[in-house]
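All remarks here apply to the structure that follows.
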Amino acid sequence: MSDQTSTVQIVDKKIRGSLREMEGFWINGVITAIKALSYVYDLLTFPVYLILQRPWEKRKLSRRVKAKVIAKDDRSIVYRNVDEPGPMHVTLDRLKIDTLEKVLRFAADTHGDKKCLGTRQILAEENELQPNGRIFKKYKMGDYKWKSFKDVEKLATSFGRGLGELTKKKNIAIFAETRAEWMIAAHGAFKKNFSVVTIYATLGDEAIAHGINETEVDTVITSHELLPKFKHLLSSTPEVKCLIYMEDQLVSTDINGYKEGVKLIRFSDVIQTGSSSQVELESPKTDDTAIIMYTSGSTGVPKGVMLSHKNILASLKAFCTATETKSDDVLLGFLPLAHVFELLTETVAILEGIPIGYSSPLTMIDSSSKIQRGCKGDASVLRPTCMTAVPLILDRISKGINEKVKKKGPLSQAIFKFAYDYKLKWTKRGYETPLFDRLIFGSAKQVLGGRIRLIFSGGAPLTPETHTQVKICLCVNVTQGYGLTETCSSATVMDYYDRSTGRVGAPVIGCDLRLENWEEGSYRVTDTPYPRGEIIVGGDNVSQGYYKIPEKTKEDFFFKDGKQWFRTGDIGEMHPDGSMKIIDRKKDLVKLQFGEYVSLGKVEAELKTCRLIENICVYGDAHKTYTVALVVPNLQHLQEIADDLGIQNKCLEELCENPEVEKAVLQELVEHAKKSKLQRFEIPGAVKLCAEQWSPDMGLVTAAFKVKRKAVQDRYQHEINRMYAS
């Protein structure tokens, strides 16, 4: 009987092998035919595309020198942008617009009744039965409702006067999600020369209380969703006497159960009070502090960075010069406005007259978790042309594209691969591929509304693989920049015509970039082929320092050559065209037992592109010979591994605890690391699978989704010890 079974299995295996061989032969034939057709198509259309697209001009613009050396010695080298200021930069200087209060007035006068800030209307929240029998609450949503530039100016003025009726303190805190009221509240505060204290909506209670107490605010602007946090936060924030809350579209806010003596006031009531108030407005001066922006604290306690109106205007001018806008542009706003990158991007949009439609990850696309079946997501309704993103979001988009392709049949996969390679080849030569964009990549572009042309990426370095795939598959220009809260988001930005990947561009206008030797990491400005060293940023965009932390301010900031400088702790290398690549970070460098240096951030960036990984934190012990990794796995791929191992009917927690699954994940990670050309000592020697998704509210990642290394280490110290012990 066993011999018969064995024979049947052998025959079955041979038949399946033959079928696969026939299928492969057929697919190869189809692809060969497509290649032949594309060759004929290229021959016929090449002269037309050559004349219309003028690729030699694009290649020349991409290669042009964008920054030059202005000072150099054996220890340091300084670069400066070679471009002339753009039209908006010149206009702001000519009209002496040097504060954010003047920016909004200028925008209202210039753009008037044009759409400015848009909010999607939520018509109802209804129960929706899922295929698995569970019931989820989903939004039935309408169109965007818009406020014009004149409306926003008027509302901000009224809100500013309303604030003046409520407090005499210098600092006002905003603790809310990204929405139109956030921007109106901030500009209202600027009209009274208040300093806006920004606190991430995802921070933990201790960090929130720290920011509020350190800045001694007595008035906090929050939202319906976040207001309940103050039922217990008020006991640890004794200075707070007034909570202004942004209302919900559907339900009224319960204001019972809060600390006695604290006033709770609706956002709309502050505007109404201000509209009839006679309180004097007070225009800020350019050196006044506009924002005390609390960092999300990737290391230690959040620090309040003092940003003056001059700092912000310097960044605005640089961004306006570096960005090409169009008359029909629309910006999708969804990243935290408490993050300097989003705040600056939206302020550029206001200056340039670009409407901003607000969204959230819960409602952004048709398949988002809060969108009712049959209802369109925000992007489909708004149809934006521009958006901001952090690398983690783009990594997920890239992996999502790969997953979608993988689910299709072998023929579809082969056609997609051919189309991808074809477009990549012609894009590198300076051509566009309109036919392939429409037939092959059109459906991917529709996910974000079908009109996206420009994605700004910041917050962390973007891997070349993700950069290329998003650019090719979504048919967009991905512009990467580099900056920190301390440099008001600007330091470098990619040129619009730069077709390279893996770099963050040249120094922005008005900002000098210095590389200094870092001997411990063996990075020197005399290195070949490219100068390397710690990045130090200097210019009007650089903050005066940290709020009430003079020791740290003295350590990281200094004044030299007539300008303020900031030591970033990042390591960069400068290329001959004046563009920079981020290659390391001082705090990420560990020295292993045998003297090898490992850049943990670099290893994480490479391993994040592995299909199995949602997030990762690599740890290195100076007394050990290898690193270890804490991995948040992709559930779908983890399940595939379990199926291959014959492990059935296990939940995520059980799979993460299974030694066989852990071993298989480590093996795939090692293979991926070798393909990424990591050194032997850089490859993790053990992994721990983490079932919980790391989120900002857990305190394990920042609002920009950068790993908070110390927090992750503290949480998983027992597991790290176990990995090294094994």
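The values are calculated or read from the model by the stated rules, or taken from the named source; none is laboratory data. These numbers come from a predicted model, not from an experiment. Don't worry about glycine lacking a Cβ; one is built from the backbone with ideal geometry, like all the others, and counts go over all protein chains shown.
Give all pairs with beta carbons closer than 6 Å in which a residue from region 236-262 that is at positive phi meets a residue that is among the charged types (D, E, K, R) and surrounded by 11 or more Cβ atoms within 10 Å (Cβ to Cβ); count only pairs at least 6 apart in sequence or on separate chains.
From region 236-262, the pairs are Gly257/Lys231.
Yes or no: region 640-648 includes at least one residue that is out of contact with any Pro (no Cβ under 7 Å at 6 or more places or on another chain), buried (at least 21 other Cβ atoms within 10 Å of the Cβ), over 30 Å from Glu342 (Cβ atoms) and among the acidic types (Asp, Glu).
Within region 640-648 (the criterion being out of contact with any Pro (no Cβ under 7 Å at 6 or more places or on another chain), buried (at least 21 other Cβ atoms within 10 Å of the Cβ), over 30 Å from Glu342 (Cβ atoms) and among the acidic types (Asp, Glu)), the answer is no, since none of the residues qualifies.
Does Ser599 satisfy the criteria of being touching a helix residue (DSSP H, G or I) at 6+ places or on another chain (Cβ under 6 Å), under 30 Å from Cys511 (Cβ atoms) and buried (at least 20 other Cβ atoms within 10 Å of the Cβ)?
Yes.
As an exercise: evaluate Thr363 against (1) touching a Ser or Thr at 6+ places or on another chain (Cβ under 6 Å); (2) surrounded by 22 or more Cβ atoms within 10 Å (Cβ to Cβ); (3) modelled with pLDDT of 90 or more and give the number of the one condition it does not meet.
Evaluating Thr363 over (1) touching a Ser or Thr at 6+ places or on another chain (Cβ under 6 Å); (2) surrounded by 22 or more Cβ atoms within 10 Å (Cβ to Cβ); (3) modelled with pLDDT of 90 or more leaves (1) as the failure.
Return yes or no: is Val152 without any contact (Cβ under 8 Å) to a residue 12 or more places away in the chain and of a type in the set (A, V, I, L, M)?
No; evaluated as a whole, the condition is false for this residue.
Going through region 366-393 one residue at a time, which ones are surrounded by fewer than 22 Cβ atoms within 10 Å (Cβ to Cβ) and part of a helix (DSSP H, G or I)?
Ser380, Val381, Leu392, Ile393
Let's see how each residue does on (1) among the aliphatic types (A, V, I, L, M); (2) in contact with a strand residue (DSSP E or B) (Cβ under 7 Å, 6 or more places away or on another chain); (3) surrounded by 12 or more Cβ atoms within 10 Å (Cβ to Cβ); (4) more than 17 Å from Lys425 (Cβ to Cβ):
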position	(1), (2), (3), (4)
Leu43	yes, no, no, no
Ile51	yes, no, no, yes
Lys60	no, no, yes, yes
Lys66	no, yes, yes, yes
Asp73	no, no, no, yes
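Could you tell me how many of the residues in region 501-517 are in a strand (DSSP E or B) and either among the basic types (Lys, Arg) or surrounded by fewer than 23 Cβ atoms within 10 Å (Cβ to Cβ) (or both)?
3
A quick yes/no check of all residues on (1) among the basic types (Lys, Arg); (2) within 30 Å of Gln413 (Cβ to Cβ):
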{"site": "Phe46", "(1), (2)": "no, yes"}
{"site": "Pro55", "(1), (2)": "no, yes"}
{"site": "Pro85", "(1), (2)": "no, no"}
{"site": "His89", "(1), (2)": "no, no"}
{"site": "Asp109", "(1), (2)": "no, no"}
{"site": "Gly112", "(1), (2)": "no, no"}
{"site": "Lys115", "(1), (2)": "yes, no"}
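Would you mind listing the strands (runs of 3 or more DSSP E) fully within region 254-345 where at least 2 residues are under 19 Å from the mean Cα position of the chain (by Cα)?
289-294, 331-333
Counting only residues that are more than 22 Å from the chain's Cα centre (by Cα) and part of a strand (DSSP E or B), how many does region 606-629 have?
Residues in region 606-629 being more than 22 Å from the chain's Cα centre (by Cα) and part of a strand (DSSP E or B): 5 in total.
Inside region 79-98, can you point out the residues that are at pLDDT 95 or above and charged (D, E, K, R)?
Selection gives Arg80, Asp93, Arg94, Lys96, Asp98.
What are the pairs with Cβ atoms under 8 angstrom where one residue, in region 671-687, is closer than 14 Å to Ser599 by Cβ and among the hydroxyl-bearing types (Ser, Thr, Tyr) and the other, located anywhere, is modelled with pLDDT under 90 and not in a helix (DSSP H, G or I)? Sequence gap at least six, or different chains.
Ser676/Thr609
Looking at this structure, is Leu332 crowded, with 21+ Cβ neighbours inside 10 Å and of a type in the set (A, V, I, L, M, F, W, C)?
yes
With (1) more than 17 Å from Cys488 (Cβ to Cβ); (2) modelled with pLDDT of 95 or more; (3) touching a helix residue (DSSP H, G or I) at 6+ places or on another chain (Cβ under 9 Å); (4) not in a strand (DSSP E or B) as the list, and Glu534 as the residue in question, which single condition is left unmet?
The single condition Glu534 does not satisfy is (4).
Just checking, which of Asp714, Asp697 is closer than 30 Å to His339 by Cα, at pLDDT below 85 and of a type in the set (D, E, K, R)?
Asp697 is the lone residue from the list that is closer than 30 Å to His339 by Cα, at pLDDT below 85 and of a type in the set (D, E, K, R).
Report yes if some residue within region 518-534 is surrounded by fewer than 17 Cβ atoms within 10 Å (Cβ to Cβ), over 21 Å from the mean Cα position of the chain (by Cα), of a type in the set (S, T, N, Q) and on the phi > 0 side of the Ramachandran plot; otherwise report no.
Scanning region 518-534 turns up at least one residue that is surrounded by fewer than 17 Cβ atoms within 10 Å (Cβ to Cβ), over 21 Å from the mean Cα position of the chain (by Cα), of a type in the set (S, T, N, Q) and on the phi > 0 side of the Ramachandran plot.
Counting only residues that are acidic (Asp, Glu) and in contact with a strand residue (DSSP E or B) (Cβ under 8 Å, 6 or more places away or on another chain), which one in region 670-717 is nearest to Leu612 (Cα to Cα)?
Glu692
Kindly list, by first and then second residue, each pair from a residue in region 526-553 that is farther than 17 Å from Thr568 by Cα to a residue that is of a type in the set (S, T, N, Q) and assigned to a loop (DSSP other than H, G, I, E, B), limited to pairs with Cβ atoms under 9 Å and residues at least 6 apart or on different chains.
So the pair list comes out as Thr526/Asn517.
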